[in-house]
1. For the range B:2-98, what is the Kirkwood hydrodynamic radius in Å, using each pair of distinct C-alpha atoms?
2. With only Lys, Arg, Asp and Glu charged, each at its Cβ (+1 for the first two, -1 for the last two), find how big the charge dipole of the range A:2-98 is about the Cα centre; round to the nearest 20 debye.
3. When averaged across all projection directions, what area in nm² does the alpha-carbon convex hull of the range B:217-343 cover?
4. Once both labels are modelled 7 Å past Cα along the beta-carbon direction, what's the residue A:387-residue B:203 spacing in nm?
5. Give me the lysines in straight-line cross-link reach of residue B:268: C-alpha distance below 20 Å, same-chain residues under 8 apart excluded.
6. I'd like the chymotrypsin sites (Phe, Trp or Tyr not before Pro) in the range B:1-58 restricted to DSSP loop residues with at most 10 other Cβ atoms within 10 Å, sorted by number.
7. My understanding is that a pair violates if its Cα-Cα distance is over 24 Å; which of A:118/A:252; A:118/A:385; B:118/B:252; B:252/B:385 do that in this structure?
8. If you build a Gaussian network model of chain A, linking Cα atoms that sit under 10 Å apart, which residue out of A:187, A:166, A:387 swings the most?
2 protein chains.
Amino acid sequence: MRVLVVGAGGVGSAAAGIAARRSFFSAFVIADYSLDRAARAASADPRFVAERVDASSAGNISELCRKHAITHVLNAVDPRFVMPVFEGALAAGASYLDMAMSLSHPHPTEPYRLTGEKLGDAQFALASSWAEAGLLALVGIGVEPGLSDIFARYAADHLFSRIDEVGIRDGGNLVVEGYDFAPSFSVWTTIEECLNPPVIWENGEWRSTVPLSEPEIFDFPGGIGPVECVHVEHEEVLLIPRWVDAGKVTFKYGLGSEFIEVLRTLHKLGLDSTAPVRVGGVSVSPRDVVAAVLPDPATLGDKMTGTTCAGTLVRGLGVDGSPREVYLYHLVDNEWSMREYGAQAVVWQTAVNPIVALELLATGVWQGAGVLGPEALDPVPFLDKLVEYGAPWQIREGAA
Amino acid sequence: MRVLVVGAGGVGSAAAGIAARRSFFSAFVIADYSLDRAARAASADPRFVAERVDASSAGNISELCRKHAITHVLNAVDPRFVMPVFEGALAAGASYLDMAMSLSHPHPTEPYRLTGEKLGDAQFALASSWAEAGLLALVGIGVEPGLSDIFARYAADHLFSRIDEVGIRDGGNLVVEGYDFAPSFSVWTTIEECLNPPVIWENGEWRSTVPLSEPEIFDFPGGIGPVECVHVEHEEVLLIPRWVDAGKVTFKYGLGSEFIEVLRTLHKLGLDSTAPVRVGGVSVSPRDVVAAVLPDPATLGDKMTGTTCAGTLVRGLGVDGSPREVYLYHLVDNEWSMREYGAQAVVWQTAVNPIVALELLATGVWQGAGVLGPEALDPVPFLDKLVEYGAPWQIREGAA
């Protein structure tokens with residue numbers, strides 16, 4: 001296996017740090033728009049090579065694949081560049097993995113009731129090209145989407161005879177010392193995902209709803225406790241129903257009451273907008289200004305304490321036919337991930353999954369062609385390998 | 001009386017519209033940085049003259065006073081320009097009126113406990129120069145400060161034998177149609193006054209406290225009903241104790257829960273800051289960006305409905321020595337002020353008071369020298385004249 005990682009930001013660098021401890025590949029190229037940044041990530045291992053790449057150019061991606069005879073491209077850049085990386089890999093005859101899918105566009109007239117172009121639609125539209133080429137595009141193989149989808153498939157295969165609802169629930173108690181308000185992730189991207197119309201799968205179809213709606217308090221394990229969760233647009237809702245039979249699929253993000261209120265206020269005032277406004281003699285995007293006044297989360301890992309939890313709540317009938325509810329989950333403590341890998345907890349938790357997936361593909365344990373979600377493949381070897389990587393997962397039986 | 005109005009914004013223009021129906025002056029000059037804007041305001045009456053002025057230059061103000069043999073300067077510009085207009089009037093031998101006092105500066109080390117330079121301190125420092133010149137600077141003679149101070153003096157003179165507390169309470173139910181969030185006043189100035197440390201007079205001294213603190217629900221008259229009010233820095237707290245004997249003086253602004261939450265959020269994120277930040281290739285002040293994304297309140301008068309209430313709550317012992325509590329207040333309905341004067345309710349309610357005061361000074365009913373607050377003068381003729389202007393005031397007996 002010859003791997004090209006596109007993007008040497010937080011997740012790309014953490015993925016490199018994890019791969020540095022494995023031996024399933026014969027080449028590992030790390031490319032970024034900034035060669036310096038690629039070189040810093042590549043310094044984790046003498047086997048790694050750094051390259052410069054423009055992820056907005058499918059031609060540039062193909063060229064780099066051919067130069068290094070790449071067999072697998074791992075896309076670790078901003079979701080705005082999913083399509084050129086995805087198309088560039090296909091054109092070069094390489095398989096492809098990503099952790100976020102092609103972007104959605106709201107329904108033009110009824111955005112909070114009907115779906116428009118959904119997350120990943122642009123990728124699934126090319127599924128037959130991938131299948132015909134005998135290549136695999138394994139989409140959404142981070143932690144959420146990714147591990148959360150694998151949990152859903154595991155529940156369907158081994159724990160339930162009927163699934164009424166799959167509800168992804170993500171939350172944590174990470175705090176950054178010394179700041180009144182410092183999100184532990186990019187506020188620009190969080191605004192993007194939190195203010196898009198969320199999608200719900202129910203009664204055999206997708207529908208959309210109002211951003212940040214249906215707040216519920218979910219009691220997270222690992223000492224995190226109760227956190228306010230709301231509907232957010234996320235890939236699992238689009239992936240799980242394609243391979244797992246479930247009456248309903250939702251994603252609720254444990255943003256917490258304070259962050260939800262901040263997002264609502266930014267939206268109400270129009271400060272979430274990316275459209276430039278005139279201010280004095282200059283023109284700026286209000287959302288860029290919001291990002292500029294907040295501390296850069298990439299620099300906050302060592303000021304952060306707490307634990308992050310990603311997981312999948314499943315309700316239905318157990319294998320014996322009696323009502324059952326379980327929460328399958330994965331915890332990462334920030335102090336541990338900083339000490340072991342120099343990576344922030346959420347970033348590390350995202351990055352470990354595509355490396356596990358690459359290893360399963362390299363060894364032939366996982367095989368496939370076309371555009372597949374993580375729930376299309378056997379979850380057991382993945383969950384076993386995760387334990388081997390030092391990142392065990394857990395099950396909580398019963399209601400939260 | 002020969003009047004110079006400095007500033008032809010909302011309040012200056014409304015003041016001109018009110019003066020146009022009176023005959024107590026022999027000259028009425030309206031000056032603005034924009035001659036066009038001055039000319040628009042001056043078009044209300046053929047007796048009016050428009051001029052261009054730079055309010056940041058005391059010399060420019062003096063020059064204009066001398067050119068038109070001005071006897072009284074009415075300052076209707078942004079409080080940042082109080083000192084040059086105040087000094088320019090004094091230098092030219094003209095009396096002076098304003099509706100907001102010179103700006104405060106928080107205590108350098110204990111801003112939420114001790115006062116620094118207080119509102120109006122810079123003006124009171126020059127009191128002896130005004131007194132020696134035999135000129136009057138009547139400061140804070142809008143609605144709040146202004147009418148609210150006059151209510152306090154009226155209560156002391158006619159309703160109470162002992163005053164335990166004077167609490168200014170300002171609120172309304174103005175809403176702007178067609179907007180999720182549209183403040184009925186400048187958000188830039190509101191941030192300025194709401195996020196400065198508020199001042200409280202108690203036990204014979206001034207102290208400061210935390211912005212937006214001690215929320216209380218005050219039940220406003222005029223169909224407005226209960227509104228959440230919080231401590232805000234305001235001139236009355238600095239003026240009233242100089243002339244009215246009161247155990248405690250506070251100002252609480254009925255911003256309402258939603259607006260209070262917006263201000264808290266802007267502050268938490270640092271979006272209230274006036275210090276420029278780098279965004280992409282440009283440099284902008286976050287507070288200017290907030291103002292730029294919201295609709296301009298000056299353009300919203302005809303989309304607004306509702307009533308604004310300014311008033312003074314007084315607690316103590318009545319003239320008969322028994323416990324008494326009254327709320328003296330003044331209501332303006334936006335539909336009425338738009339129809340009668342083409343001015344938004346809050347703007348009109350501010351502008352009518354200095355015109356009434358000018359008329360009392362022109363007719364010799366009010367007289368004085370030095371730097372005086374409205375509560376230094378007899379409240380009865382003012383309150384009678386307000387009724388004559390079609391703007392009656394009211395008293396509510398008992399607790400809210």
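Read the figures in this text as sums done on the coordinates, not as results from a lab. What you see is a predicted model, and the numbers here were worked out from it, not measured in a lab. Here the Cβ is made from the backbone with ideal geometry for all residues, glycine too, and neighbour counts use every protein chain on show.
1. In the range B:2-98 this quantity evaluates to 12.6 Å.
2. Computed charge dipole of the range A:2-98: roughly 320 debye.
3. 11.7 nm²
4. Those two pseudo-labels are separated by 6.6 nm.
5. Answer for residue B:268, where 20 Å is the Cα cut-off: A:268, A:303, listed by chain and number.
6. Nothing satisfies the criteria.
7. A:118/A:385; B:252/B:385
8. A:387
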